[in-house]
Amino acid sequence: MILDAGSPDRGAFARPFDICIVGSGPAGMTLARSLAARGFDVALMEGGSFDVTVESQEMYAGEIVGLDYMDLDVVRIRVFGGCSEHWSGRTGVIPAHDFLPMPQRPLAWPITKADLDPYQPEASEIFELGLAWQPPDLALPQAEQRFRNIQFRQSPPVRMGQKYRDEIAANPRITAAINANLVDMRLGPDLATVTGAVFRSYEPDDPGFTVSARVFALCLGGFETPRMMLNFNSQKPAGIGNDNDLVGRYFCEHPSREMALAIYTHRREIMQDNYAPTPEFMEREGILDFILRVTWRDRAPKSLADSLKGALECATPFTERLGARIRGGPRDCLWGGDEEFHRLHDPDAYPSGTVWMACEQSLIRDSRVMLAEETDAFGLRRMRLDWKLDEIDYRTMLTGLTALGQHFAEQDIGRIRIPDWLLADNPRLPGGAGAVHSGDWNGGYHQMCTTRMADDPREGVVDRNCRVHGMDNLYIGGSSVFGSPSYVNPTYTIVQLALRLGDHLGAVLPAGGVVGEVLQ
Amino acid sequence: MRSRRSLLKSAMMLALGVSAGLPAPAAAAAPPVRIIRQGKFFLVNGWVLTAEDLRKLRLL
């Protein structure tokens, strides 16, 4: 069943569950379905409703003090189904070499791609990808082995809240609630066992209710999971799971934006090419991973009059067009004038494109989610984001774009222009740092690594099984546990990890077992 | 309005001036062309070009 936490129906939670999962996004919903299929009693708690509401979304507001970022209350969506309700559907599998340490990536995952591969078919089925497995790289003629020509898969996209709502409602093993806001977690006398999670609805003066379970899983995303753990400090002053001062640290995004212009020498048969560096190129250049997506520019033509006006200024062959661009020629020469004009008569003759780049970010201890002074409607401190990048991040961007430019020139595909801000002596992503927040799009809506996975509790918040170090029965699902971020869109990996966590809990939680006995 | 040939000439002078460490002409109408050699490639005002490109553009 799915009930409203503000209704009397919430009495259904006045019994112990096998597991209490907080958050109904791709991680939480996948874990709930996985464990229910194994016969466990699952409480699935969602702070939002079936649709976006102001009162729910407002819980996500916070401060930005580091690199500019998108507004915190719009970059995530707090509804049943979580961020699957607004994702693009682009999926990929993190390549094997991105799990491993390198000199330029000293902190890596404690698990490998092989640990997640068994979950590809089920994850692919959830996202309706057609192919069960990641397709191989495409052939790529090149003078040096700099790039892989990779393929992404596209989900319709699946909205998990919509796809699984009826199934969850009909599942006798799942008791789900919407409008159930986690406001506290209570620990036992050993301070290593969670005994209950406290929830409140949006009703004024709601005293709240406690869900008891043998195991708890926080599946709230890369921002909200650490915010909650840091806020729950009545029994542990530094917060739950934060004995080593790591909760919220190592915040990573995929630094990304439209980076460059491309003009082509000939029409491309493929609308989009995706270039990622080979491991050898990464190693040789000492850079991190990235993806360069070169997209054929497909724009609606301007009116004939406007096109002709621009064309009179700009109708020139490739070399002279290039020359005009180099010298800062008429602004519309590339995107307006001749391109649009010739598209009307010969759309294949004047091709151009854009280069979008997303990078693996370096793990920086002081790039972090903290608590702000201001509190939300439940008295919990809001988040403060201090996003940082390092020299290697900018060097990765510049090296990657330069290599793409060289590849385009070598193969006479076209020519690439690197943006001025990246060529500066001390580059910074456009949008400034801590000055005036512009909401510039410098990331991929991907918040990762804030409770990262590591075998050593001094390097990460959760172990290889997603259990919080130092806690017997608290687990985390979602992108906050990523050991490092790769460049790949994270949702597919989030679901692989949730399926793996379901397997793990299914093995260590035999029906009727006692938490303290089976999880040690 | 200056002709393309005039602009190109100014740009070439600027390019030569940059490489020779000379001050840019004060009355230049076009932005300076900054050429940085990168192995067999050239970074020209942000564009990654070949030597053949530069010859066609009369920048080399």
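Summary of computed values
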quantity	calculated
Neighbours by Cβ (under 8 Å, 6+ apart or cross-chain): first from the stretch B:45-57, in a helix (DSSP H, G or I); second β-branched (Val, Ile, Thr) and crowded, with 16+ Cβ neighbours inside 10 Å	B:53/B:44; B:54/B:35; B:54/B:44
The stretch A:238-269, residues that are without any contact (Cβ under 8 Å) to a residue 12 or more places away in the chain and open to solvent by 30 Å² or more (accessible area, probe 1.4 Å)	A:238, A:245, A:269
Scan of the stretch A:53-73 for residues that are among the hydrophobic types (A, V, I, L, M, F, W, C) and free of Cβ contacts under 8 Å to residues at least 40 places away in the same chain, ordered by number	A:54
Positions within the stretch B:32-52 being polar (S, T, N, Q) and under 22 Å from residue A:143 (Cα atoms), in sequence order	B:38, B:50
Hits in the stretch A:11-33 (condition: surrounded by fewer than 21 Cβ atoms within 10 Å (Cβ to Cβ) and of a type outside the set (A, V, I, L, M, F, W, C))	A:11, A:15, A:16
Hey, residue A:357 in a strand (DSSP E or B), crowded, with 24+ Cβ neighbours inside 10 Å and more than 12 Å from every other protein chain (Cβ to nearest Cβ) or not	yes
Hey, residue A:451 over 30 Å from residue A:195 (Cβ atoms) and either within 14 Å of chain B (Cβ to nearest Cβ) or buried (at least 24 other Cβ atoms within 10 Å of the Cβ) (or both) or not	no
Subset of the stretch A:393-421 (residues that are touching a residue at least 12 places away in the same chain (Cβ under 8 Å), within 9 Å of another protein chain (Cβ to nearest Cβ) and either of a type in the set (Phe, Trp, Tyr) or over 29 Å from residue A:139 (Cβ atoms) (or both))	A:408, A:419
Test: residue in the stretch A:48-63 that is in a loop (DSSP other than H, G, I, E, B), out of contact with any helix residue (DSSP H, G or I) (no Cβ under 6 Å at 6 or more places or on another chain) and buried (at least 24 other Cβ atoms within 10 Å of the Cβ)	no
Number of the condition not met by residue A:471 [criteria: (1) within 14 Å of chain B (Cβ to nearest Cβ); (2) in a loop (DSSP other than H, G, I, E, B)]	(1)
Options A:215, A:294; residue that is at pLDDT below 95 and surrounded by 21 or more Cβ atoms within 10 Å (Cβ to Cβ)	A:294
Residue that is farthest from residue A:386 (Cα to Cα), among those in the stretch A:241-287 that are out of contact with any strand residue (DSSP E or B) (no Cβ under 6 Å at 6 or more places or on another chain), among the aliphatic types (A, V, I, L, M) and part of a loop (DSSP other than H, G, I, E, B)	A:270
Boolean, residue A:366 is modelled with pLDDT of 65 or more, within 21 Å of the chain's Cα centre (by Cα), surrounded by fewer than 19 Cβ atoms within 10 Å (Cβ to Cβ) and over 22 Å from residue B:49 (Cβ atoms)	yes
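The values are calculated or read from the model by the stated rules, or taken from the named source; none is laboratory data. Keep in mind that what you see is a predicted model, and the values were worked out from it rather than measured. Don't worry about glycine lacking a Cβ; one is built from the backbone with ideal geometry, like all the others, and counts go over all protein chains shown. Ligands, DNA and RNA are excluded from the accessible area calculation, which covers all protein heavy atoms including side chains. Shrake-Rupley method; radii C 1.70, N 1.55, O 1.52, S 1.80 Å.
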